[in-house]
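Heads up: the structure comes next, in C-alpha cells.
The values are calculated or read from the model by the stated rules, or taken from the named source; none is laboratory data. What you see is a predicted model, and the numbers here were worked out from it, not measured in a lab. We place every Cβ from the backbone using ideal geometry, glycine too, and count neighbours over all the protein chains shown. Note: areas computed on protein heavy atoms with side chains; ligands, DNA, RNA excluded. Shrake-Rupley method; radii C 1.70, N 1.55, O 1.52, S 1.80 Å.
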Amino acid sequence: ELIMPEWNGNEFLLPDGERPIIRTFTPRFFRPELNELDLDVVIHEGGATSGWASAASPGDPVAVSGPGRGYSFDPEATRFVLAGDETAIPAIAQLLETLPAEKAVRVLIEIGSIEARLELPPHPAADATWLDLPENAPPGTALVPAIREVELDPGVRLWVAGEAAAMHQIRQYLFKERGLARSQATVRGYWKLRD
C-alpha cells in the first residue's frame, strides 16, 4: 500500500513521523493526457531508486511531486559547459533540448561503463566528450581534471552535477581557486558515495 508523506513546511514526513525515502529526478517527457511520465534511472547496487526500479512492475503505485527547482540559462552567456556523471545525463539531455541553437555547448560526461553512453539529443553547436572512469576509481576521477581544462572566460556558464565529493572539489576549484562568480556556475551534488 502506498502511504503518502505530508509536507510540514520544512520536510516531508510519514504519518508515524519518519522521513520517507525521496529522490529527485529530471523528467524526460511528460504526457499529462495519458498520465505518463518518463524518467531515466541509473541502475547500480545499493541505491534506493535502483532497488525500486529493479523491482517495479507496470501498474505499481508511486508518489510523484513537483516541480522542484529548475535551471534558468543566462541569455547573455556566450557559451555553455554541461558536465556530470551518469546520473546527470537526463538533465544534460533536457538542457541540450532547451539551450539556444546558436550558442556553443561543451558536454563532458563521466561514465563507469560503455553501456552508459546514451544517445544525446542533437544540438547544432554541441560537442560531447565521454570521460571513462578508470576501474575502481572514485567518482570524479575523470570529470574533475576535465573541468580544470575548461576555459573560464567571462561569457561561459557552467552546469555541473554528480557525486557530492566530486562536486565539492569542482566548487572549490571554480569558486575558490579560480574566483569564478557564483552566477557563472551551477554545481549540484546528486548523490553521495558510501564507504
* Structure fact -> The long-range amide H neighbours of V81, using H built 1.01 Å from N in the peptide plane and a cut-off of under 5 Å, are R106, R157, L158, W159
* Normalised by the residues of region 1-75, what does the relative contact order come to in percent, with Cα pairs under 8 Å and at least six apart? -> 18
* Between R178 and L193, what length comes free when the chain is fully extended (0.36 nm per residue of separation minus the Cα-Cα distance, one decimal in nm)? -> 2.8 nm
* When only Cα pairs under 8 Å and 6 or more residues apart are kept, what is the percent relative contact order across the chain? -> 16
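Which percent, nearest 5, of DSSP beta bridges in the chain are antiparallel?
Counting DSSP beta bridges with both partners in the chain, the antiparallel share is about 15 percent.
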* Order by protection proxy (mean Cβ within 10 Å, highest first), peptides 35-47, 134-146 -> 134-146, 35-47
* **Solvent-accessible area, 1.4 Å probe, carbon plus sulfur percent, for region 90-195** => 49
* Coil-residue chymotrypsin sites (Phe, Trp or Tyr not before Pro) of region 9-81, DSSP, other Cβ within 10 Å capped at 15 -> Y71, F73
* **Heavy-atom accessible area per residue - the chain, 1.4 Å, Å²** => 64
* **Difference of contour (0.36 nm per residue) and Cα-Cα distance, A55 to A128** => 23.0 nm
* Between D74 and I114, 0.36 nm times their residue separation minus their Cα-Cα distance comes to what? -> 11.1 nm
* **³J(HN,Hα), Karplus 6.51/-1.76/1.60, whole Hz, each residue of region 99-109, x for Gly, Pro** => 5, x, 4, 7, 8, 5, 10, 9, 10, 10, 10
